[in-house]
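A.B. asks: Quick one: this structure, given as structure tokens, is what I'll be asking you about.
The values are calculated or read from the model by the stated rules, or taken from the named source; none is laboratory data. Because the structure is a prediction, the values reported are computed rather than measured. Backbone-built Cβ (ideal geometry, glycine too); neighbour counts: all protein chains shown.
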There are 4 protein chains.
Amino acid sequence: MPDYQAILDAIREEVRPLLGQGHVADYIPRLAEVPREKFGMAVATLDGRVYRTGDAGEVFSAQSISKVYTLTLALRAVGDRLWQRVGREPSGNAFNSLVQLELENGLPRNPFINAGALVVADVVLEAYADPRATLLAEVRRRADNPGLGDDAAVAASERQNGFRNAALANFIRSFGNLRRPVDEVLDFYFFQCSLAMSCVDLARGFLFLAHGGACPWDGERVLEADQAKRINALMLTCGTYDAAGDFAYHVGMPAKSGVGGGIVGVIPNQLAVAVWSPALNAKGNSLAGSAALELFTAKTGLSIF
Amino acid sequence: MPDYQAILDAIREEVRPLLGQGHVADYIPRLAEVPREKFGMAVATLDGRVYRTGDAGEVFSAQSISKVYTLTLALRAVGDRLWQRVGREPSGNAFNSLVQLELENGLPRNPFINAGALVVADVVLEAYADPRATLLAEVRRRADNPGLGDDAAVAASERQNGFRNAALANFIRSFGNLRRPVDEVLDFYFFQCSLAMSCVDLARGFLFLAHGGACPWDGERVLEADQAKRINALMLTCGTYDAAGDFAYHVGMPAKSGVGGGIVGVIPNQLAVAVWSPALNAKGNSLAGSAALELFTAKTGLSIF
Amino acid sequence: MPDYQAILDAIREEVRPLLGQGHVADYIPRLAEVPREKFGMAVATLDGRVYRTGDAGEVFSAQSISKVYTLTLALRAVGDRLWQRVGREPSGNAFNSLVQLELENGLPRNPFINAGALVVADVVLEAYADPRATLLAEVRRRADNPGLGDDAAVAASERQNGFRNAALANFIRSFGNLRRPVDEVLDFYFFQCSLAMSCVDLARGFLFLAHGGACPWDGERVLEADQAKRINALMLTCGTYDAAGDFAYHVGMPAKSGVGGGIVGVIPNQLAVAVWSPALNAKGNSLAGSAALELFTAKTGLSIF
Amino acid sequence: MPDYQAILDAIREEVRPLLGQGHVADYIPRLAEVPREKFGMAVATLDGRVYRTGDAGEVFSAQSISKVYTLTLALRAVGDRLWQRVGREPSGNAFNSLVQLELENGLPRNPFINAGALVVADVVLEAYADPRATLLAEVRRRADNPGLGDDAAVAASERQNGFRNAALANFIRSFGNLRRPVDEVLDFYFFQCSLAMSCVDLARGFLFLAHGGACPWDGERVLEADQAKRINALMLTCGTYDAAGDFAYHVGMPAKSGVGGGIVGVIPNQLAVAVWSPALNAKGNSLAGSAALELFTAKTGLSIF
């Protein structure tokens, strides 16, 4: 087994020169305030160990990473019927999203583009009596951290500037593919994006996807083994915005990123790895985080390919 | 180890009802003549065994599957400089190809869409003194079959009706991203598509991608280990036309398909599996072949996720 | 001078067989209730005469025809500075609207597509203290009909189902090209669309565009002569949705249509002509109305070409 | 009647400062050699007079202006059946052309975009025994200039670099909307573009469109009156590339431009006006020529609106 601690510490040194580069998502004022020199990384293995370096214990805004958890809730509630309302294909590029919605009659390409996540949010809102509490409880159990919470200021900040998401939601609604009121869907969507999690939370919180859908420490079945594999497949093809191909090419593992600067990856049957650094590259993924994950696979030899 | 022979035979029985369904690519008259009840499947494992069922020994037109071999030749010749001329991202959908070429200044999205394969063909034409002989020799060595050849009638049939590929080639040329004359590039492209291979040829011929880029029986280094992994990543995200996401979701292994009805998949460190059935589904992949591969992963439990 | 009365009556007879054809805009429930056999037509000439036939005195929902009046108010208030926020080119087709907004950074193609009309509404909201009263007063003066009003039930009906317009407004707002709150812009937009006018109102109400921007009966200067000509040019190139080219080809005069089934055309220096019939053709213009205008130009020999 | 000679001379002075601005179409090497300080303008009136200024007698490459003549030949041969193979709507913008061809199954938007002109060329090739001779004879008669000819060097220069037109032609052919061989269509297309005409030739040569389709000096019927009006409508909505709306707005007359720097406009029942200056603005129309035509309408008060 690789010496994960040594590897994480080495990576931290190697990415240091990158920490000043990239840009912070400034359309969410609260995120723009985060110091860009932050860097944390954590590995959680199936045998229960957690390795960490840098700011691995500091919480940041999970943003799109939360889409994996709402997808989990949606699949648990409606199973494969979900795919009648959202696709499973990469979207090509950001530019295409509205065009594709138009051409494809309001059916978003996949659950990880914003349009798809809004539909998933709508499904969760329909399926659960108290969706916010359910989501929060789920994420806390996955991360084994009962103190984990959301950041209402981030949600409010996004809601106020979320004209593009409001455009998407209204557009999808015009095709009849949202059932709850647009405002309710948007509120829940911004709530889920505002989950505040650390690298340790995320590494631990994605382990069930490396373990065939079961929680490694108590055996709780989160999803069927098939469903877990399929979320991994979706993360690989669609998890890192327009860079999914490049990410598969260079990093070689299923991963989900967020504009808060976090990225979580999964090596099936072995581990989950989370990294955080706020400044983003041109594709919207953490710049230093992407480099760190590429170094991680190079140094460990781990890859699904 | 699973009983591959029993599994292949069982799959053959299970897909039998599907053999009448789907459509044959009728824009290539020669392909339209192939009887649609054909079905063959072969597995080649790293330890040198080959399992086969049905028409696994019968040759058919490799078509787009050949793109993996020209990509191999191009990477060997120019390495990562290739990515200055072609991208590594999924294309979203067929419709986008021309739009994306326009928006992205003649840089095709990936080497497996036709536009990208034309650029790869151009690179091969520039890099090798006798590109046809080089390609043929390469494929023969990979498949360990010195009798393997091309089908000039198929190439001629495609060339005659290949207005859309001619449009693509001229369009890319207008951006300066083809260097050899358009007609020469098209001729080579139709030649590569016309390679005639059997499931056994293809299963054996893709084993180097399951073996870190080295030939399993004689150790010949075909590509660097990194390059082999990355071709697998490209196949997973872009190898099965507009159905790559769906394929990753349901089948869970890197694979490349062709309109001749063939599909080849790779499970790293274990095996390569090839299937052939001429009739295609709406996404252009072999209908029975896709089902057979999904059954294969279900029955063996194999998956990269 | 042609015998306009005889021509209108003849047209009414000739289009009678068309009155059962086409479809009524059913996304606005109130509009869907209008009997589709309705047909009215009116001509107003510069010398003050008004000719009418059929239901020419019955009010219907002006819908997009109102965009000419808000454009008039916007040009009067900000002049050519308007064109920094909205273009003057045809949009190609409906499908393009969102794509073009994206590619062109939130600058709508022209003031007559919905996106452009939302920006014009925003300009009017910024420029006038009481925009609704101003608009209503303007339209009443142009039509010489102090009793002219809006239909609040139509506005409410549209507002409730106006998800696509809400999507557009939010999208434009995300580019910073709306300055008033999205809801306020939408409310004003649906108000303007709900103006209830008859063919007589509309024929009289567009005469200033045939008269160099001045009111023909009292000489009031509504717009500069140049501005009036330019609104005519805009109507010709962009006034009838995706059928502007076809309309120019077959009818040969500047015209503006609405989904309420009205169309108004202008022959500079001579007359304005309005027609109404609720059922629409595939391009969203009144089916019988389009035919009636083509007959009108054929029978009178009038054309700007 | 305005003093056209004085107006032309005044315009020539006023546009002088613009002659250094803009760019020359450098993808056609022969065109790039033309001195950019050239400026000519000519007016031909229905009563037979011709006014000229500057380089009005010097020939230049007609380029897209020739599309009006091939459209004339096509309409004469097949009448309204032409519209089964090409549309009559503005294309929105250059970017859309390939997308629209794809979405609209190979039916070009209008006869003046390149895709449409290729289809018109195909129609002419099918309809006439000796299409080149027929076209040349037609243009000579219209311009009353038997010495008018083509410039083979320009055609060769375009043919050699015409990859984008070759892409378009192959693409249209793939939809079955070209019937003659692609190379034959392209050769004829580049031939028509290479017609060498002066402003005087063009002003005289478009007079039939200001005269209801009949030649003003000998009464020869070139087209039906309806057809002539409809070509004017097409020029207004589609004649000046992506600037048709802007052109209608600022100039207010039907016009056709070419990348050789020529523009010809028509005021029905009065005159035709041609201008030439090689350097183009961002939309591909002669920069000084566009300004000159706007000055012409401002100084004469002429406008169809």
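A.B. asks: How about the stretch D:1-117: which helices (runs of 4 or more DSSP H) wholly inside it have at least 3 residues that are hydroxyl-bearing (Ser, Thr, Tyr)?
C.D. replies: D:67-78
A.B. asks: Does A:GLY284 satisfy being within 9 Å of another protein chain (Cβ to nearest Cβ), touching a residue at least 40 places away in the same chain (Cβ under 8 Å) and part of a loop (DSSP other than H, G, I, E, B)?
C.D. replies: Criteria not met by A:GLY284.
A.B. asks: Same structure, new question: Which numbered condition in (1) within 30 Å of A:GLN100 (Cβ to Cβ); (2) within 14 Å of chain C (Cβ to nearest Cβ); (3) surrounded by fewer than 21 Cβ atoms within 10 Å (Cβ to Cβ) is the only one that D:ALA115 fails?
C.D. replies: Going through the list (1) within 30 Å of A:GLN100 (Cβ to Cβ); (2) within 14 Å of chain C (Cβ to nearest Cβ); (3) surrounded by fewer than 21 Cβ atoms within 10 Å (Cβ to Cβ), D:ALA115 breaks only (3).
A.B. asks: Here's another thing I want to ask about it. Scan the stretch D:57-97 for residues that are of a type outside the set (Val, Ile, Thr), under 26 Å from C:LEU234 (Cα atoms) and within 14 Å of chain C (Cβ to nearest Cβ) and report the count.
C.D. replies: Adding up the residues that qualify gives 13.
A.B. asks: Separate question: Tell me, please, whether a residue that is over 29 Å from B:GLY213 (Cα atoms) and aliphatic (A, V, I, L, M) can be found in the stretch B:82-97.
C.D. replies: Yes, there is a match, as at least one residue in the stretch B:82-97 is over 29 Å from B:GLY213 (Cα atoms) and aliphatic (A, V, I, L, M).
A.B. asks: Which of (1) within 14 Å of another protein chain (Cβ to nearest Cβ); (2) closer than 23 Å to D:ASP55 by Cβ; (3) of a type outside the set (Phe, Trp, Tyr) does D:VAL154 not meet, given it meets every other one?
C.D. replies: Answer for D:VAL154: the failing condition is (1).
A.B. asks: Tell me which residues, restricted to the stretch B:91-146, are at negative phi, among the polar types (S, T, N, Q) and more than 17 Å from the chain's Cα centre (by Cα).
C.D. replies: B:ASN93, B:ASN96, B:SER97, B:GLN100, B:THR134, B:ASN145, listed by residue number.
A.B. asks: Would you pick out the residues in the stretch B:144-164 that are under 30 Å from D:ASN161 (Cβ atoms) and crowded, with 23+ Cβ neighbours inside 10 Å?
C.D. replies: B:ALA155, B:GLU158
A.B. asks: Picking from D:ARG159, D:ARG142, D:ARG164, which residue would you name as being modelled with pLDDT of 95 or more, more than 14 Å from chain C (Cβ to nearest Cβ) and part of a helix (DSSP H, G or I)?
C.D. replies: None of the others qualify; the one that does is D:ARG142.
A.B. asks: Still on this model: Tell me the helices (runs of 4 or more DSSP H) entirely within the stretch A:176-223 that contain at least 1 residues that are buried (at least 24 other Cβ atoms within 10 Å of the Cβ) and in contact with a strand residue (DSSP E or B) (Cβ under 6 Å, 6 or more places away or on another chain).
C.D. replies: Of the helices (runs of 4 or more DSSP H) lying wholly inside the stretch A:176-223, those with at least 1 residues that are buried (at least 24 other Cβ atoms within 10 Å of the Cβ) and in contact with a strand residue (DSSP E or B) (Cβ under 6 Å, 6 or more places away or on another chain) span A:199-205, A:207-210.
A.B. asks: Going by what's in this entry, would B:ALA243 be described as in contact (Cβ under 8 Å) with a residue 40 or more places away in the chain, among the aliphatic types (A, V, I, L, M) and within 10 Å of another protein chain (Cβ to nearest Cβ)?
C.D. replies: yes
A.B. asks: Those residues that are closer than 27 Å to D:ALA42 by Cβ and without any contact (Cβ under 8 Å) to a residue 12 or more places away in the chain, I need them from the stretch D:107-148; list them, please.
C.D. replies: D:ALA133, D:ALA137, D:ARG140, D:PRO146, D:GLY147
A.B. asks: On to the next question. Can B:ALA210 be described as within 12 Å of another protein chain (Cβ to nearest Cβ), aliphatic (A, V, I, L, M) and farther than 24 Å from B:LEU118 by Cβ?
C.D. replies: yes
A.B. asks: Could I ask something else about it? For the stretch C:257-281: of the residues being within 14 Å of C:GLU37 (Cα to Cα) and part of a loop (DSSP other than H, G, I, E, B), which is farthest from the chain's Cα centre (by Cα)?
C.D. replies: Restricting to residues being within 14 Å of C:GLU37 (Cα to Cα) and part of a loop (DSSP other than H, G, I, E, B), the top hit is C:ALA279.
A.B. asks: In the stretch B:224-256, which residues are part of a loop (DSSP other than H, G, I, E, B) and among the β-branched types (Val, Ile, Thr)?
C.D. replies: B:THR240, B:VAL251
A.B. asks: Now, a different point. If you go through the stretch B:125-133 one residue at a time, do you hit one that is within 12 Å of chain D (Cβ to nearest Cβ) and in a loop (DSSP other than H, G, I, E, B)?
C.D. replies: No.
A.B. asks: For A:GLY284, which of the numbered conditions (1) small (Gly, Ala, Ser); (2) over 25 Å from B:ALA255 (Cβ atoms); (3) modelled with pLDDT of 95 or more fails to hold?
C.D. replies: Single failed check for A:GLY284: (3).
A.B. asks: Among the residues in the stretch B:256-267, are any surrounded by 24 or more Cβ atoms within 10 Å (Cβ to Cβ) and at the interface with another protein chain (Cβ under 10 Å from one of its Cβ atoms)?
C.D. replies: The answer is yes, given that some residue of the stretch B:256-267 is surrounded by 24 or more Cβ atoms within 10 Å (Cβ to Cβ) and at the interface with another protein chain (Cβ under 10 Å from one of its Cβ atoms).
A.B. asks: On the basis of being touching an Asp or Glu at 6+ places or on another chain (Cβ under 8 Å) and over 20 Å from D:ASN170 (Cβ atoms), does D:ARG88 make the cut?
C.D. replies: yes
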